[in-house]
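Rule-based calculations on the coordinates, nothing more; no lab input. The shown structure was predicted, so the numbers you read here are calculated from the model rather than taken from an experiment. Cβ sites come from the backbone with ideal geometry, for glycine too, and all protein chains shown count toward neighbours.
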Amino acid sequence: MQKKIFILCLALSMISFIPYTHAQKGKSEISVAYGYWSAYSLINGTPYSASSGVGMLNYKYYLGTKFTLGMTVGYENISDLGSYFTFAPEFSYTYMDTKDDRIRLKLYGGGGFGMTIFDDFNTYSNVYAHHYDESGPKVTGYVSPIGMRIGRKLGGFVELGFGYKGLVHGGISYRFRTAHHTHQPETDKK
């Protein structure tokens, strides 16, 4: 089952990098972010001081003026539990954009579904110990009903949500035009 989910996530991540000709004139966005209180910390009852927080790199491709597809790679280390290396295809939907105002503000929501590679720190060499090594791939997800980005090309953002990114995370992002080649039909020379 986990192998099928891994293949699905890999396929979705590949699709997210395909340049679409009907996109918002080929815009992309890269960002660096940091999050607090991930689902792993909350579900396991880990104190905040035991977690490194979640460091993330994100890529988004604009499918139009409101929709994006992208990919997130993140890492969290919880000292008394284990480490989590996450990669997940994501989407977002912009429901407010003040692009004509002096200060550009975007409000959006989104989510993601992917895989986390868990490295269990609590393994025992004693076969009679009651802890089983839970290292390996795990299914993960994230949902954010509200995110806010301020800026045009270079901007700052913050999101509230639940999942692998944490209850709150934020960072800086840079929007740029993605160069893509368009095929133009040759004209007949007579």
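Below, the figures for the structure above:
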| item | result |
| --- | --- |
| As computed over the range 41-151, the Cα convex hull volume per residue (Å³) | 112 Å³ |
| D133 versus I43: modelled label distance in nm, points set 7 Å from Cα along the beta carbon direction | 2.1 nm |
| Sequence of D120, D80, D101 once ranked by neighbouring C-beta atoms within 10 Å, starting from the fewest | D101, D80, D120 |
